[in-house]
Each structure stands twice: as structure tokens, then as C-alpha cells.
Amino acid sequence: MATKAKEKAKDKEKAKVVLVTGAARGIGRGIALRLAKDGCDLCLVDLPSMKKQLEGVVKEVKDLGRNATGFHADVTVRDQVFAAVDHAEKELGGFDVIVNNAGIAGKPGDGLLDATPKDVETIFKVNVNGVLWGIQAAAEKFLARGQKGKIISASSIAGHDAFPQLGLYSATKFAVRALTQAAARELGPKGITVNAYCPGIVDTDMWELIDAGIGRTTGAKKRETFEAYCKTIALGRPQYPEDVAAYVSFLVGPDSDYMTGQAVLIDGGMVYR
Ligand SMILES: NC(=O)c1ccc[n+]([C@@H]2O[C@H](COP(=O)([O-])OP(=O)(O)OC[C@H]3O[C@@H](n4cnc5c(N)ncnc54)[C@H](O)[C@@H]3O)[C@@H](O)[C@H]2O)c1
């Protein structure tokens with residue numbers, strides 16, 4: 001009995017190892033910092049072009065007293081995603097959760113009639129293929145380690161309602177919900193949960209790009225599109241990475257252990273399901 005109690009206490013002490021993609025800035029950085037405060041150790045993944053920013057986030061996590069390691073990977077390349085998961089396990093001594101956060105907006109402002117084969121390929125490779133490789137790499141690792149695990153991916157309000165001038169983006173985020181549901185059904189019996197988070201209008205570099213792109217089409221000035229969208233938020237303010245990270249913290253933690261296959265909206269009240 002005493003040994004069991006000791007084992008339980010030891011289990012509790014062991015930090016969860018979480019890999020976050022797209023962690024060099026924006027929502028990914030917010031998630032990393034929140035999970036560090038929660039007591040997780042972190043493998044932070046981003047493109048080589050984000051070296052400086054990624055190093056900065058690794059340092060911020062270490063300053064919060066947690067273990068952190070940075071890894072450069074392009075989520076469109078399957079082998080690189082698998083290598084990132086191997087790196088997390090090797091450097092941090094375990095592997096418990098993947099957060100497939102990396103994503104791009106593509107060419108916001110363009111209508112569906114403007115989309116070229118290259119545009120379609122580019123955005124689907126990151127937002128959909130990248131999530132699928134993350135699901136595969138994480139699940140393979142959990143199974144090899146003989147343990148339970150959690151897979152969490154970035155969808156969006158645009159994954160529930162498709163937005164004009166963001167049509168391809170919306171299609172990719174609907175696809176993330178489909179992958180989440182199918183993976184939940186396939187992996188549930190193996191003790192792996194799969195969920196997604198669906199933010200609204202988050203004030204990040206991505207929204208700067210969306211604001212500029214839609215502005216080019218509609219003639220709206222800088223920040224006008226952002227502000228117009230924000231006016232439709234019931235809680236009356238834009239969203240910040242911390243708002244998203246608070247929900248991801250719940251998904252990573254034990255209180256969501258009985259939840260799988262869900263893509264919950266956390267948007268201050270824009271899209272209602
Ligand atoms: N900002 C929003 O309003 C909003 C709303 C809903 C959903 N989301 C989703 O949340 C996620 C994060 O968004 P954000 O606003 O922080 O975006 P962001 O552009 O600020 O940051 C995205 C990060 O992902 C990285 N990244 C891009 N392509 C990559 C690739 N191929 N491989 C590895 N890393 C790559 C970038 O370098 C960057 O660091 C995205 O999936 C986005 O679609 C954002």
C-alpha cells in the first residue's frame with residue numbers, strides 16, 4: 001500500500017512532456033508559457049527561419065523553472081515531425097502530449113475564384129498535412145512507449161463557419177475537425193485522446209496578415225478589418241494568446257481525460273454551437 005502511494009506521488013511529480021509546434025510566436029508561444037507555469041517540460045518546434053524567436057521562447061520557459069528544448073522542423077515534412085517527437089523524448093525523458101499549433105493563413109483577401117493549385121497545396125500542406133503528421137508521430141510514440149497520450153490541434157472559428165476571403169483557410173480548419181474526430185475514434189481504444197481548440201480573433205502576426213490581405217480586397221485601412229471583426233465579439237474585446245492557452249492548459253491537464261473528438265470554440269462569443 002505504502003509503495004503504491006509512493007509510486008502515485010512519484011507519478012504526480014513527473015512533469016508532463018509537451019511538444020508545441022509553431023511555438024516561436026503568437027498562440028504557440030502563449031501556450032508554451034502557460035504550460036510551463038502549469039509545470040510541464042516543453043519541446044518547442046518552429047521553422048529554421050524563426051531561430052531567434054524560438055530561442056527566446058525556450059529561454060522564457062527556462063526562466064519559469066521548467067526544462068525546455070528547441071527543435072527546427074517544417075511540419076509539412078513528415079520525417080521532420082517524427083524527428084521532433086524523437087528529440088522531445090530523448091531530451092526531456094518522456095513524451096505525453098503534442099500540440100499541433102503551427103498554421104498559416106495562406107493568401108487572405110483572395111476569393112475562392114482566385115485560388116491557384118499552388119495556393120491550395122501550400123495551405124493544405126501546413127494546416128492539414130502538418131496536423132496529420134503530428135497525429136501519426138505522437139500516436140506512434142505513445143504506442144511504442146506503451147502509454148496513454150493526448151493530441152491537441154489548432155482549428156478555428158473558421159473551422160465551424162467558413163469566412164469569405166478566407167475560404168481555403170476555412171477549408172483547412174474544417175479538415176482539422178475531421179482529422180480530430182476520426183483520430184479520436186481510431187485511437188480512443190488505445191488510450192489516446194484527440195481534441196482541438198477553435199480560437200476567434202487573436203491579436204497575433206497572423207491577424208496582421210489577414211487584416212492587410214482583406215484590406216487589399218475591400219479597401220479597408222490598417223486594423224479596420226480587425227476592429228470590424230472585434231465588434232462582433234460578445235465579450236467586447238479581441239482575444240489574446242493567453243485566452244487560448246488557458247483552454248489548452250485544460251486539454252493538457254487531467255480534468256479533460258474523459259474528453260475526446262471535440263473541437264471547442266473559445267472565441268469570446270462569435271460562433272455558437
Ligand atoms: N490568430 C488567430 O486569430 C487565430 C484564430 C484561430 C486559429 N488560429 C490558429 O492558431 C495557430 C497559431 O496561430 P497564430 O495566430 O499564433 O499564428 P502566427 O503566424 O503568429 O504563428 C504561427 C507560427 O507557426 C509557425 N509555422 C508556420 N508554418 C510552419 C511550418 N511549416 N512548420 C513549422 N512551423 C510553422 C510560424 O513560423 C509561426 O511561428 C494557427 O494554426 C492558426 O491557424 C489563429
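The values are calculated or read from the model by the stated rules, or taken from the named source; none is laboratory data. Owing to the predicted nature of the structure, the values given are computational and were not obtained by experimental measurement. Glycine also receives a Cβ, built like all others from the backbone with ideal geometry; neighbour counts cover every protein chain displayed. In case anyone asks, the SASA skips ligands and DNA or RNA and just uses the protein heavy atoms, side chains included. Shrake-Rupley method; radii C 1.70, N 1.55, O 1.52, S 1.80 Å.
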Consider region 77-111. How many of its residues are small (Gly, Ala, Ser) and under 17 Å from GLY134 (Cα atoms)?
6
For region 208-229, give me each residue that is open to solvent by less than 20 Å² (accessible area, probe 1.4 Å) and either within 29 Å of PRO254 (Cα to Cα) or not β-branched (Val, Ile, Thr) (or both).
ASP211, GLY213, GLY215, PHE226
Run down LEU54, LEU64, LEU33 and say which single residue is under 15 Å from the mean Cα position of the chain (by Cα), at pLDDT 95 or above and of a type in the set (A, V, I, L, M, F, W, C).
LEU33
Elements of type helices (runs of 4 or more DSSP H) in region 185-273, at least 2 residues being within 20 Å of LEU33 (Cβ to Cβ) and in contact with a strand residue (DSSP E or B) (Cβ under 8 Å, 6 or more places away or on another chain):
241-252
Within region 195-226, can you find the residues that are away from the ligand (no atom under 16 Å from the Cβ), of a type in the set (A, V, I, L, M, F, W, C) and touching a residue at least 60 places away in the same chain (Cβ under 8 Å)?
none
Checking the condition open to solvent by 80 Å² or more (accessible area, probe 1.4 Å), more than 12 Å from the chain's Cα centre (by Cα) and at pLDDT below 95, which residue from LYS59, LYS10 passes?
LYS10
Given the criterion open to solvent by less than 20 Å² (accessible area, probe 1.4 Å) and either of a type in the set (Asp, Glu) or more than 11 Å from the ligand (Cβ to nearest atom) (or both), identify the matching residue among ALA162, ALA183.
ALA183
Sort through ALA263, ALA245 and tell me the only one that's open to solvent by less than 30 Å² (accessible area, probe 1.4 Å), modelled with pLDDT of 95 or more and within 17 Å of GLY28 (Cβ to Cβ).
ALA245
What helices (runs of 4 or more DSSP H), lying completely within region 76-148, carry at least 2 residues that are under 19 Å from GLY191 (Cα atoms), open to solvent by less than 10 Å² (accessible area, probe 1.4 Å) and within 16 Å of the ligand (Cβ to nearest atom)?
130-145
For region 149-182, the count of residues that are β-branched (Val, Ile, Thr) and in a helix (DSSP H, G or I) equals 4
Among the listed residues THR172, THR218, THR232, identify the single one that is under 27 Å from ALA83 (Cβ atoms) and polar (S, T, N, Q).
THR172
